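The values are calculated or read from the model by the stated rules, or taken from the named source; none is laboratory data. Keep in mind that this is a model prediction, so the values were computed, not measured. Positions of Cβ are backbone-derived with ideal geometry, glycine not excepted, and every protein chain shown enters the neighbour counts. Areas reflect the complete protein model, heavy atoms only, side chains present, ligands, DNA and RNA absent. Shrake-Rupley method; radii C 1.70, N 1.55, O 1.52, S 1.80 Å.
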Amino acid sequence: MDRGQKTEAIAALNAAFKEAGVVVVTRNLGLTVAQSTELRTKMRNEGASFKVSKNRLAKLALEGTDYTPIADMLSGPVALATSDDPVAAAKVAVAFAKTNDRLEIVGGAMGDTLLDEAGVKSLASMPSLDELRGTIVGLLVAPQTKIARVVKEPAGALARVVGAYAASGE
């Protein structure tokens with residue numbers, strides 16, 4: 001990698017760190033190409049990204065971002081998972097690590113808050129932004145649905161009574 005490529009890689013990582021809602025640091029303990037591709041596909045489907053980077057370049061890219069505390073975690077063969085949604089990258093990384101022992105969760109950060117392995121796992125157990133939006137919409141719609149059911153019920157009961165009398169022939 002020449003100097004120009006390194007500069008581009010640092011700039012790309014820096015931009016990713018500035019836009020990210022969460023950064024998860026993972027340790028790659030010998031993932032195959034197929035496994036890495038599977039993980040990247042899962043990340044992409046959830047709106048996250050997974051990048052293997054040289055530690056020195058990643059440390060340089062951290063400068064000027066909220067994620068500078070994770071620089072101490074960057075040792076050995078690590079990869080970085082980032083996403084705008086604070087839960088997406090953590091959720092996919094933890095789920096993949098459960099099924100594959102060659103990926104280890106080291107820690108991460110959410111803004112300037114440093115997370116250890118347990119923190120990333122608890123973050124992964126939280127509902128995603130889309131799930132929370134769905135829950136809020138459901139809570140907002142529920143009262144109107146109940147009101148409509150209550151208003152409609154007396155007319156339905158009257159219709160059933162009239163139908164029963166008509167069926168009995170009286």
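Please give the calculated 222 nm ellipticity per residue for the chain, where each DSSP H segment of at least 4 residues contributes -39500 (n - 2.57) and the sum is spread over every residue; nearest 500 deg cm²/dmol?
Details: 6 runs with 98 residues, N = 170.
Mean residue ellipticity at 222 nm (helix-derived): -19000 deg cm²/dmol.
Given the peptides 3-10, 62-69, arrange them by the average over their residues of other C-beta atoms within 10 Å, most packed first.
Packing proxy ranking, top to bottom: 62-69, 3-10.
Roll a 1.4 angstrom probe over the protein heavy atoms and tell me the percent of accessible area of region 60-170 that is carbon or sulfur. Mind showing how you got there, number by number?
On the way: 4250 of 6760 Å².
Result for region 60-170: 63 percent of the exposed heavy-atom area is carbon or sulfur.
Using a 1.4 Å probe on the protein chains only, how many percent of the accessible area of region 1-48 belongs to carbon and sulfur?
50 percent
Name the residue farthest towards the positive end of the dipole of region 73-170 from the options Ala164, Ala93, Thr113, assuming +1 on Cβ of Lys and Arg, -1 on Cβ of Asp and Glu, about the Cα centre.
Farthest towards the positive pole: Ala164.
From the mean inverse distance of alpha carbon pairs (Kirkwood) and the Cα radius of gyration, derive Rg over Rh for the chain.
1.35
Quick check on my link table: of Lys54/Lys91; Lys42/Lys146; Lys59/Lys91; Lys121/Lys146, which ones sit more than 29 Å apart, alpha carbon to alpha carbon? Don't jump to the answer; show the numbers that get you there.
Numbers: Lys54/Lys91 24 Å; Lys42/Lys146 39 Å; Lys59/Lys91 24 Å; Lys121/Lys146 38 Å.
Listed pairs above 29 Å: Lys42/Lys146; Lys121/Lys146.
With every protein chain kept in place and ligands, DNA and RNA left out, what is the accessible area per residue of the chain? Probe 1.4 Å, answer in Å².
60 Å²
Have a look at Arg160, Arg56, Arg44 and tell me which one the Gaussian network model of the chain (Cα, springs below 10 Å) gives the largest fluctuation.
Arg160
How high is the FRET efficiency between Thr99 and Leu132 when r is their beta carbon distance and R₀ equals 22 Å, given to the nearest 0.05?
Calculated value: 0.30.
Using packing as a proxy for protection, rank 29-35, 80-86 so that the peptide with the highest average count of other Cβ atoms within 10 Å comes first.
On the way: 29-35: 11.6, 80-86: 21.9.
So the peptides 29-35, 80-86, ranked by packing, come out 80-86, 29-35.
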